[in-house]
Amino acid sequence: MTDNHELPDTRSVVLVVNGERREIDVETRMTLADCLRHKLGKTGTHLGCEHGVCGACTVLVNGHSARSCLMLAVQANDAEITTVEGIASGDGEWHPLQQAFHEHHALQCGFCTAGILTSMVEFLGENPDPAEDEVREALSGNICRCTGYQGIVRAVLDAAGRLRARNGAISP
Amino acid sequence: MGPPRVVKPPPFRYHDPGTLEEAVALGASLDNAKFLAGGQSLMPMLNMRYVLPDHVIDLNRIPDLSHIGEAAGRLVIGAMTRQRDIERSDLLHRHCPLMRKALMQVGHPQTRNRGTIGGSLCHLDPAAELPAVLAALDATIHVAGPDGARDIPMTGFPAFYMTPAIGHDEIVSAVSFTPWPAGHKSAFVEFARRPGDFAIVGVAALLDFGTDGTVNRAGIVLAGVGPAPVRCTAAEERLTRRMPDPDGIRSAALTCADLEAMEDVHASPSYRRHLAVELTSRALRSALAGPGAGSLV
């Protein structure tokens, strides 16, 4: 080890979190997940394994799902971040995914839910009318230990239908 | 006492150069530095403090390292190209369907959004799909360093277990390969405990055919068998110049039973050989059942 660790290496970064521009100083070794939780108070983003396996910390970075435990906050400089706090509409109405998760009992303890919701926002944006096996494949990067996934799969398929209806698409 | 310092990785100085030249210069001048690509392997290792670099040189702000294209009959992929962009490239899928087939088995969408081809290649996990695919394609690895650029054939890229044959101050800038001829067939088949996990064994298979339907050329490369991708030349020879019928496939796959296989906590050598035989057979059947690739125009 050399002598360059006496003082923390910090940078000023700009993050646009759920549409809100935040300028903060971060230690460059701080993960995006820890920055969101501890610097910005966005504790809806959960940390499970902290090595990229469980999916609980998944957020959207410029619209693309990413493990926030495997990104440094400094790498998200100038990026738009969407956390689970940002997926409902501004007037407090739940996102169709949240409504469907509620109705289909797609969560029990809720620890994994934030990462699943953000992942599914991206997935349904790219694949508005998925087959069940595509939903299961899309969920494979998120570990849930409560539900056995059946309710989650049903909720995602239901939410896909609600989103199609909302967006005016005609179901085949 | 100030506010709590909530950090997982060990202390390091962070550098984010904007050009490959700057990154190379930093790599050459800094002691105990690590290059950070997509972060899907290095970040877990930093979070667990398996690695303790004094400097992290982030390659994510170098736009020139992210590209997919065609030049002089070869397909070229920049080292920092995200796995998700490679998976979605129509150009690559048209001429090298093997790439997408393998990538669909690399991690998960969330990790492929960040993970890069160069990062996977340099991490060189023995079970990783992309090094096996690049070995099957006889790819060339383009490397930049303080003494200039050089090319390394994929066969010479692994030095030993999880260690590429490049200097600590060299950076993989791109990979390139000549696509197999139009009409060739391919498959990537693997066995993992859970989808998205590292495979115990994976097989990349490529087949090109003559006008009479016999196999002109075969490529069989296995991941997870040895410390680096293993080409099964015996299987390739058994397939070549004959019809790819069930007997030929069985005979070729059985040659994988003679491969030297590694042992770890996940599987014994004999189990890996068993998987090598079975998965090679499945890969060949899967390749034959699928459509042929388009041509490079």
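The values are calculated or read from the model by the stated rules, or taken from the named source; none is laboratory data. None of these values were measured; they are calculated from a predicted model. All Cβ positions, glycine included, derive from the backbone under ideal geometry; neighbour counts span all protein chains shown. These area figures cover heavy atoms from the full protein model, side chains too; ligands, DNA and RNA do not enter into them. Shrake-Rupley method; radii C 1.70, N 1.55, O 1.52, S 1.80 Å.
Summary table
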{"quantity": "Qualifying positions in region A:97-146 - acidic (Asp, Glu) and under 24 Å from A:Ile81 (Cβ atoms)", "calculated": "A:Glu122, A:Glu126"}
{"quantity": "Residues that are open to solvent by 50 Å² or more (accessible area, probe 1.4 Å) and in a strand (DSSP E or B), drawn from region A:2-55", "calculated": "A:Thr10, A:Arg11, A:Ser12, A:Glu20, A:Arg21, A:Arg22, A:Glu23, A:Asp25"}
{"quantity": "Within region B:175-194, tally of residues that are in contact with a helix residue (DSSP H, G or I) (Cβ under 9 Å, 6 or more places away or on another chain), more than 14 Å from B:Ala293 (Cβ to Cβ) and touching a residue at least 40 places away in the same chain (Cβ under 8 Å)", "calculated": "4"}
{"quantity": "Residue that is most open to solvent (accessible area, probe 1.4 Å), among those in region B:83-97 that are within 17 Å of B:Leu134 (Cβ to Cβ) and in contact with a helix residue (DSSP H, G or I) (Cβ under 7 Å, 6 or more places away or on another chain)", "calculated": "B:His93"}
{"quantity": "From B:Gly183, B:Gly248, residue being at pLDDT 95 or above, surrounded by fewer than 19 Cβ atoms within 10 Å (Cβ to Cβ) and touching a Lys or Arg at 6+ places or on another chain (Cβ under 7 Å)", "calculated": "B:Gly248"}
{"quantity": "Residue, farthest from the other protein chains (Cβ to nearest Cβ), within region B:174-209, restricted to residues that are farther than 15 Å from B:Leu279 by Cβ and among the aromatic types (Phe, Trp, Tyr)", "calculated": "B:Phe209"}
{"quantity": "Yes/no for B:Leu42 being within 14 Å of chain A (Cβ to nearest Cβ) and modelled with pLDDT of 95 or more", "calculated": "yes"}
{"quantity": "Residue, nearest to B:Val225 (Cα to Cα), within region B:116-138, restricted to residues that are aliphatic (A, V, I, L, M), part of a helix (DSSP H, G or I) and under 9 Å from the mean Cα position of the chain (by Cα)", "calculated": "B:Ala132"}
{"quantity": "For A:Thr83: the one exception among (1) more than 20 Å from A:Arg154 (Cβ to Cβ); (2) within 10 Å of chain B (Cβ to nearest Cβ); (3) crowded, with 20+ Cβ neighbours inside 10 Å; (4) not aliphatic (A, V, I, L, M)", "calculated": "(2)"}
{"quantity": "Cross-chain or 6+ apart pairs with Cβ under 6 Å, region B:94-121 first and farther than 18 Å from B:Val175 by Cβ, then basic (Lys, Arg) and open to solvent by 20 Å² or more (accessible area, probe 1.4 Å)", "calculated": "B:Asn113/B:Arg84"}
{"quantity": "Single residue of region A:139-168 satisfying the filter (more than 18 Å from A:His104 (Cα to Cα) and among the small types (Gly, Ala, Ser)) that is surrounded by the most Cβ atoms within 10 Å (Cβ to Cβ)", "calculated": "A:Gly141"}
{"quantity": "In region A:56-76, residue farthest from the chain's Cα centre (by Cα) [restricted to those that are open to solvent by 10 Å² or more (accessible area, probe 1.4 Å) and at the interface with chain B (Cβ under 9 Å from one of its Cβ atoms)]", "calculated": "A:Gln75"}
{"quantity": "Pair list, Cβ < 9 Å and 6+ apart or interchain, from region B:266-277 residues that are assigned by TED's automatic domain parsing to the domain that holds B:Leu254 and without any contact (Cβ under 8 Å) to a residue 60 or more places away in the chain to residues that are open to solvent by 70 Å² or more (accessible area, probe 1.4 Å) and hydrophobic (A, V, I, L, M, F, W, C)", "calculated": "B:Val277/B:Leu254"}
{"quantity": "Pairs where the first residue, in region A:120-138, is among the basic types (Lys, Arg) and the second is part of a loop (DSSP other than H, G, I, E, B), C-beta under 9 Å, 6+ apart", "calculated": "A:Arg136/A:Tyr149; A:Arg136/B:Pro195"}
{"quantity": "Residues (within 14 Å of another protein chain (Cβ to nearest Cβ) and either surrounded by fewer than 23 Cβ atoms within 10 Å (Cβ to Cβ) or of a type outside the set (Val, Ile, Thr) (or both)) located in region B:116-126", "calculated": "B:Gly119, B:Ser120, B:His123, B:Asp125"}
{"quantity": "Count - residues of region B:98-115 that are outside any loop (DSSP other than H, G, I, E, B) and more than 7 Å from chain A (Cβ to nearest Cβ)", "calculated": "7"}
{"quantity": "Wholly within region B:47-88, strands (runs of 3 or more DSSP E) carrying at least 2 residues that are more than 14 Å from every other protein chain (Cβ to nearest Cβ)", "calculated": "B:68-71, B:74-78"}
{"quantity": "Matching residues, region B:7-31, being at pLDDT 95 or above, within 13 Å of chain A (Cβ to nearest Cβ) and in contact with a strand residue (DSSP E or B) (Cβ under 7 Å, 6 or more places away or on another chain)", "calculated": "B:Phe12, B:Arg13, B:Tyr14, B:His15, B:Asp16, B:Leu30"}
{"quantity": "Residues satisfying the stated conditions in region B:214-232, i.e. open to solvent by 10 Å² or more (accessible area, probe 1.4 Å) and farther than 25 Å from B:Val106 by Cα", "calculated": "B:Thr214, B:Asn216, B:Arg217"}
{"quantity": "B:Leu36, sole failed condition from (1) open to solvent by 50 Å² or more (accessible area, probe 1.4 Å); (2) within 11 Å of chain A (Cβ to nearest Cβ)", "calculated": "(1)"}
{"quantity": "Check on A:Ala33, under 21 Å from B:Pro9 (Cα atoms) and touching an Asp or Glu at 6+ places or on another chain (Cβ under 9 Å)", "calculated": "yes"}
